[in-house]
Amino acid sequence: MNCKNCQDTLEENAHFCDNCGAKVVLYRITFKQLLLDFFINTFGVDSRFFLTLKKMITHPDDVINEYLTGVRRRYVNPFAFLAVGAGLSLLIFNYFADDFIRIQSTTNTNQIKEIKKTAEKEIVITPEMSEKEIQKLYSKKKVAQMQLKFMDKWMQFMLRYFNLLTFVFLFIYAILSKWTYWKPHNFGEHIVINAYVYGFATYFTIISFIVAMLVHPDIYTFSLLIYIIYYLYVFGKLYNYGILKSIFKLLRFLIGFAILFIILTISAGVIGYLLGRLGIVSMK
């Protein structure tokens, strides 16, 4: 029998080709075999995935530094590592969609309550009210309704396109980390670094989400603090920084993230206001 890849002669009962190293496959592809191969190759104890996941806990700097310097077969590709986490998150969050929305809503419960109160409030017009005051009340209510609709649409968008958003956020994180840790890594290397860090965070987030469903929603919110500590831990080991310098760099990163968040929030508010104004004009 010859190897199907390089046509070299195989020894009897050989499992791998001595010439090219390819695995000798004698069975037909079945759905059962595909699932078995996927879980063995991806999640097996001796797999690169398991090694990458384990070392991202114990020695994340080794994984990142070795991959950046050319050791590519020892660990899972950073984008595959992130993609698997994003895919699992997409499946789990959609399967438990109601719980996902409920837990996400606990992070700003008071704000949502106020918006709902304004959106559902009945407007009472009195004779002494001016046209401007009436218009202001309708405008405020319409904006609140648009905000609720926007939040609902955004949550549905997150659930549907979570994997796509993951890579959008990866690009944002890479920009912020490049701004924070300027040297010696270039922007492409920062994308790789953040793919590993963000990838590990997705697996941790899945676990915290499941625990939050079973115990208390605040656990999911608390997981954000753990992620920040993990980020501090990884970059501290990667750049060999002490605690104080690591905290200073983290603050620089968070300031950049806050500025970006404020810009996006203001933009969303302006869009919501303009849509609300357009809705009022169309009502007249």
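The values are calculated or read from the model by the stated rules, or taken from the named source; none is laboratory data. Just so it is clear, the model here is predicted, and its values are computed rather than measured. Every residue, glycine among them, receives a Cβ derived from its backbone with ideal geometry; neighbour counts consider all protein chains shown.
Some points to look at:
- Residue match in segment 230-239 (condition: in the same structural domain as residue 88 (by TED's automatic domain parsing), without any contact (Cβ under 8 Å) to a residue 24 or more places away in the chain and either crowded, with 17+ Cβ neighbours inside 10 Å or of a type outside the set (Lys, Arg) (or both)): yes
- Test result for residue 144, surrounded by 13 or more Cβ atoms within 10 Å (Cβ to Cβ), touching a residue at least 12 places away in the same chain (Cβ under 8 Å) and not basic (Lys, Arg): yes
- Out of 261, 257, one residue alone is exposed (fewer than 13 other Cβ atoms within 10 Å of the Cβ) and at pLDDT below 85. It is 261.
- Residue 157 within 25 Å of residue 195 (Cβ to Cβ) and not small (Gly, Ala, Ser): yes
So that you can scan it fast, the table gives a plain yes or no per residue for (1) among the hydroxyl-bearing types (Ser, Thr, Tyr); (2) in a helix (DSSP H, G or I); (3) at pLDDT below 90; (4) more than 30 Å from residue 241 (Cβ to Cβ):
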{"position": "70", "(1), (2), (3), (4)": "no, no, yes, no"}
{"position": "75", "(1), (2), (3), (4)": "yes, no, yes, no"}
{"position": "129", "(1), (2), (3), (4)": "no, no, yes, yes"}
{"position": "148", "(1), (2), (3), (4)": "no, yes, yes, yes"}
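Yes/no per residue for (1) at pLDDT below 85; (2) over 23 Å from residue 191 (Cα atoms); (3) not in a helix (DSSP H, G or I):
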residue: 211; (1), (2), (3): no, yes, no
residue: 220; (1), (2), (3): yes, yes, no
residue: 248; (1), (2), (3): no, no, no
residue: 279; (1), (2), (3): yes, yes, no
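- Meets criteria (at pLDDT below 75, closer than 20 Å to residue 100 by Cα and assigned by TED's automatic domain parsing to the domain that holds residue 95) for residue 113: yes
- Qualifying residues in segment 163-219 (those that are aromatic (Phe, Trp, Tyr) and touching a residue at least 40 places away in the same chain (Cβ under 8 Å)) - the one surrounded by the fewest Cβ atoms within 10 Å (Cβ to Cβ): 179
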